[in-house]
Structure formats: C-alpha cells, structure tokens
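As structure tokens, the structure follows; a few thoughts come after it.
The values are calculated or read from the model by the stated rules, or taken from the named source; none is laboratory data. As the structure is a prediction and not an experimental result, all values here were calculated from the model. For neighbour counting, all protein chains shown are included, and Cβ atoms are generated from backbone atoms with ideal geometry for every residue, glycine included. Side chains are part of the model used for accessible areas, which takes the heavy atoms of the whole protein and leaves out ligands, DNA and RNA. Shrake-Rupley method; radii C 1.70, N 1.55, O 1.52, S 1.80 Å.
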Amino acid sequence: MVPIVFAFLLALLAWALVAGAFVRERYPVVFWYLTGYPVTALRVVRTWRKVAQLNDLTVSPRPARGLLGDLVVKGDSLQAIAPRISFPRATRTGLSVVVRLHPGQTPAPFIQAADALAHAWRVHAVRVTSPERGRVFLLATAADPLRRPSLAHAPAVLLSALVGILESGGAWVMNLRQVPHWLIVGATQSGKSTLMARLIVQLAPQPVALIGIDCKGGMEFGLFESRLSGLATSRREAVAVLGALVEEMALRMEICRMEGVRSIWDLPDKTRPVPIVVLVDELAELYLTDGTREGKAEAEKCSTLLLRIAQLGAALGLHLVLAGQRVGSDLGPGVTALRAQLSGRICHRVNDPGTAEMVLGDLNKDAVTVAQSITTAEQGVAVCTSSLGGWGRARSHLTTIDDARKAAGSHAHLTPELLRVRRALLLAGTGGEGA
C-alpha cells in the first residue's frame with residue numbers, strides 16, 4: 001500500500017511540475033501571480049532589513065541620554081534603523097515597494113543599491129524613482145521582458161505608434177505629437193529596419209502623409225511606395241522633396257497667421273492640413289559628397305532644408321524620422337546642429353563608439369555605456385529616450401518587410417496627394433526642365 005501511495009505522490013508531483021512549466025510558458029502572467037509573486041514578496045520582506053544595513057540605507061538613532069544620580073549617561077544604539085516599506089504590491093511583470101524615507105535621507109543611496117536589491121530579491125532588475133518627496137518607489141521586474149517581446153497596450157492616437165515593449169514591461173510608443181522628431185541608428189542586423197517597418201505599419205492606417213527618402217535607389221522604402229505620398233531615391237530628388245516641404249511649411253505658416261493661431265493643431269479639423277511624416281533611410285547618404293562642386297552643393301542644401309524642417313516643422317505638422325547606420329561629427333557641422341533638434345533618440349547596436357556618443361552623449365553618459373553593451377544576439381534591442389524624460393532599454397516588435405508591405409497596400413487608398421512634392425519629383429526626374 002505504501003509503495004502505491006508513494007508512486008501516486010510522485011506522479012502528482014511530476015504532473016504539477018509539467019503543468020507548472022506549461023502555465024509558465026503559455027501564461028507567464030498567471031504563473032507569476034500564482035507562484036512567483038508570493039515567493040518574491042516574502043523574500044523582499046525577509047531580506048529588507050539586512051539589505052538596507054549592508055547598502056547604507058539605514059539611519060542611526062540619536063544617542064540615548066539619561067540621568068543616573070549626578071551623572072549624565074550617554075549611549076549609542078548598536079542596531080541601525082531601516083526605513084519602513086510597504087508590503088510588496090504585485091504588477092503584471094513584477095512587484096512594487098514604497099519606501100518611506102527617514103528625515104535627512106535622499107533617493108541617491110537607493111539608486112546606487114538597485115543592483116544589490118535585484119540580487120537579493122532574485123529578480124531581473126530594480127528601478128528606483130522618487131516622484132514625491134519623502135518616498136522612494138522600487139519597481140522590481142521579475143524577468144527580462146525583452147527576451148520575449150510582446151506588445152503592451154496603448155491607446156490609438158493620431159501620430160502615435162506602438163512599436164514594442166520597454167524593459168519595465170510598459171508599452172514602447174513613438175508619439176510624434178509629444179516628440180516631433182526622431183533619430184534612429186543601428187548597425188546591419190541590429191533591428192533598425194524592423195523598427196522602421198513597424199513604424200510604417202502603425203502609421204499606414206492613420207490620416208497622415210508619409211514621405212520616403214531612400215538614397216539606396218529605393219530598395220527599402222520602395223516596397224511601401226503605394227502608401228507614400230512621395231519617394232526620393234537619390235540625393236537630387238531628396239533636395240527637391242525637402243525644398244517642396246519647406247514651401248509647404250511657408251504656406252501653412254500663412255494659414256496659421258491668417259487664422260490667428262500658433263499651430264495647425266489649433267485650426268478646425270476641416271481646415272487643418274494633413275500631418276506629414278518624413279522617413280529618411282541612411283541619413284549619411286545625404287551628407288557624404290564625391291568631392292564635386294555639385295555634390296557639395298546638394299549636401300549643403302539637404303543639411304539646410306532638414307534643419308529648417310526640424311526647427312519649424314513641429315507646430316506645422318511636419319515630422320522627421322531619420323535613420324542610419326552611422327551618425328558622426330565627421331559628416332559635418334550640419335549633422336551636429338540637426339541632432340540638437342531631434343529630441344527623440346533610439347540607438348541599437350552600433351559598430352563604432354562615436355555613433356552611440358553622437359546619439360546619446362548629450363543626454364546621459366550612462367545611456368552611451370548601456371547602448372555599447374548591446375550584443376549581436378539582441379536584435380531589436382535599443383536604448384531610447386522617453387517623452388517624460390530619461391532613457392531606458394526597449395525592444396521593437398518583430399515586424400517583417402512583408403507585414404509592412406501588406407499594411408501599405410491595404411491602406412494605399414488613404415495616401416494623401418501632395419501636389420508640391422509630386423511636381424518637385426517630376427522636375428528632379430527630368431533634370432529640372434520646365435522649372
């Protein structure tokens with residue numbers, strides 16, 4: 001009888017393990033709530049005092065004083081006091097803890113101890129923030145969400161694209177209304193093209209005009225031409241298209257001035273011009289010259305027009321998304337000036353430290369270090385800025401070229417016609433005849 005019961009218990013245990021592995025694989029959030037969270041929460045409570053002491057997160061109480069006859073007795077407590085914490089609260093990707101600081105404490109030591117907390121609690125990472133005085137919020141991420149990126153939820157907003165997932169588990173959104181211009185860099189096979197494809201998939205169903213500039217003969221953006229209101233496949237055509245867009249900006253300025261508003265977004269919906277998103281692949285091709293006078297003139301013209309759009313375009317509904325494998329100061333002062341206008345930054349794995357420094361160096365040196373640590377196995381992983389300030393790691397959702405091509409084709413009927421851009425491309429293609 002005993003062997004039968006023992007065998008039954010072993011079978012039950014094996015079944016529980018198999019079922020647990022299945023639930024963990026298919027329903028990671030359910031598995032976390034049922035198994036991971038209780039164990040981790042108890043570990044947080046049990047280890048907090050010791051971790052706080054080892055990482056200088058405690059305070060020493062005031063020396064005790066007392067009278068013993070005519071003598072004043074002083075003494076120090078042998079045990080430091082750790083700040084009080086709330087009971088860990090479960091989230092979809094981990095847990096959060098609120099720390100109530102003692103008078104005189106600051107968030108800085110907690111930020112430095114983030115890695116130690118992650119090791120003590122056996123979680124992927126701990127992020128430390130202090131949105132209000134006297135409190136520190138510890139957000140623990142149980143596992144790296146970038147290993148198996150899936151799209152979080154985000155509301156559908158005009159000029160907003162849900163492109164992937166943040167390391168915190170939140171949605172990675174490129175909102176062009178909040179951050180009007182973006183710079184994206186990445187080496188070959190780093191995920192840059194996938195991100196651009198995802199952006200096109202997200203913007204194609206929206207009432208916006210997409211302009212492509214692809215100086216590699218249109219090999220990238222030519223696949224989505226059915227949804228593009230214009231496609232420049234050479235620098236000569238790029239100069240023509242950018243010039244036409246600057247003319248469009250001047251017209252929109254006139255409309256805003258006549259209506260007494262400061263932005264097209266203050267105009268009525270019926271009279272508001274369509275927003276325009278300019279997508280540029282291989283930005284360096286617009287700046288590199290062959291040494292000829294004509295080549296230098298084209299590069300300078302591109303630099304001037306891009307800078308002008310970046311400076312004035314946000315209020316007029318013109319947005320830039322510039323991508324390339326390499327962006328360095330060797331391309332000329334125009335690139336440095338343009339970078340200052342591109343508040344959105346995304347850096348995938350790059351081949352040279354100078355590119356990472358150019359993209360993120362003026363924002364945060366730590367971000368440069370993290371970007372340089374991205375490996376070849378982490379395709380789609382990037383360091384990105386957020387609309388609320390700061391930076392973090394993220395991973396774009398896997399979107400194939402076929403997905404983007406199908407999205408462009410199915411929404412081709414939404415493509416607005418920009419007469420100035422079409423005319424500029426026709427004149428550039430005929431060598432300027434009839435201009």
task = For residues that are closer than 19 Å to residue 204 by Cα and in contact (Cβ under 8 Å) with a residue 60 or more places away in the chain, scanning just the range 257-282, find the one that is most open to solvent (accessible area, probe 1.4 Å).
result = 274
ask   = Among the residues of the range 299-352 satisfying the criterion of being part of a helix (DSSP H, G or I) and among the basic types (Lys, Arg), which is nearest to residue 264 (Cα to Cα)?
value = 308
message = I'm told residue 326 meets every condition in (1) in contact with a helix residue (DSSP H, G or I) (Cβ under 8 Å, 6 or more places away or on another chain); (2) open to solvent by 60 Å² or more (accessible area, probe 1.4 Å); (3) farther than 19 Å from residue 362 by Cβ except one. Can you identify the failing condition by its number?
response = (3)
ask   = Going by the structure shown, is residue 130 open to solvent by 20 Å² or more (accessible area, probe 1.4 Å) and not hydrophobic (A, V, I, L, M, F, W, C)?
value = yes
inquiry  = Can you pull out every residue in the range 170-200 that is open to solvent by 20 Å² or more (accessible area, probe 1.4 Å) and over 23 Å from residue 402 (Cβ atoms)?
reply    = 170, 171, 173, 175, 177, 178, 180
ask   = Within the range 372-379, is even one residue more than 18 Å from residue 195 (Cα to Cα), part of a loop (DSSP other than H, G, I, E, B), open to solvent by 10 Å² or more (accessible area, probe 1.4 Å) and not β-branched (Val, Ile, Thr)?
value = yes
request  = Inspect all residues belonging to the range 367-376 and state whether any of them is out of contact with any strand residue (DSSP E or B) (no Cβ under 9 Å at 6 or more places or on another chain), β-branched (Val, Ile, Thr) and closer than 26 Å to residue 234 by Cβ.
outcome  = no
Residue 176 vs. criteria among the hydrophobic types (A, V, I, L, M, F, W, C) and farther than 24 Å from residue 317 by Cα = no
task = Inspect all residues belonging to the range 221-243 and state whether any of them is open to solvent by less than 10 Å² (accessible area, probe 1.4 Å) and part of a loop (DSSP other than H, G, I, E, B).
result = no
inquiry  = If a residue counts only when it is within 25 Å of residue 224 (Cα to Cα), which strands (runs of 3 or more DSSP E) contained entirely in the range 113-208 have at least 1 such residues?
reply    = 160-166, 171-175, 181-185
message = Only one of 120, 154, 116 is in contact with a strand residue (DSSP E or B) (Cβ under 7 Å, 6 or more places away or on another chain) and open to solvent by less than 50 Å² (accessible area, probe 1.4 Å). Can you tell me which?
response = 154
ask   = Residues in the range 220-249 that are out of contact with any strand residue (DSSP E or B) (no Cβ under 9 Å at 6 or more places or on another chain) and closer than 18 Å to residue 402 by Cβ: how many?
value = 2
ask   = If the Cβ limit is 6 Å and pairs must be 6+ apart or interchain, which residue in the range 408-426 that is under 17 Å from residue 224 (Cβ atoms) pairs with which residue that is surrounded by fewer than 14 Cβ atoms within 10 Å (Cβ to Cβ)?
value = 411/205; 416/274
ask   = How many residues are over 28 Å from residue 92 (Cβ atoms) and modelled with pLDDT of 85 or more if we restrict to the range 50-69?
value = 6
key: Selection count, the range 209-220, where residues are open to solvent by 10 Å² or more (accessible area, probe 1.4 Å) and either in contact (Cβ under 8 Å) with a residue 24 or more places away in the chain or not in a loop (DSSP other than H, G, I, E, B) (or both)   = 3
request  = Kindly provide the set of residues from the range 114-137 that are in contact (Cβ under 8 Å) with a residue 60 or more places away in the chain and either of a type in the set (Phe, Trp, Tyr) or touching a Leu at 6+ places or on another chain (Cβ under 6 Å) (or both), ordered by number.
outcome  = 121
task = Test residue 44 against the stated conditions and say whether it is under 17 Å from residue 143 (Cα atoms), under 33 Å from the mean Cα position of the chain (by Cα) and modelled with pLDDT under 95.
result = no
request  = Give the number of residues within the range 79-112 that are among the polar types (S, T, N, Q) and either part of a strand (DSSP E or B) or modelled with pLDDT of 90 or more (or both).
outcome  = 4
inquiry  = Can you find, within the range 330-365, the residue that is farthest from residue 397 (Cα to Cα) among those that are surrounded by 16 or more Cβ atoms within 10 Å (Cβ to Cβ) and of a type in the set (S, T, N, Q)?
reply    = 341
key: Selection status of residue 420, under 24 Å from residue 235 (Cα atoms), at pLDDT 90 or above and not hydrophobic (A, V, I, L, M, F, W, C)   = yes
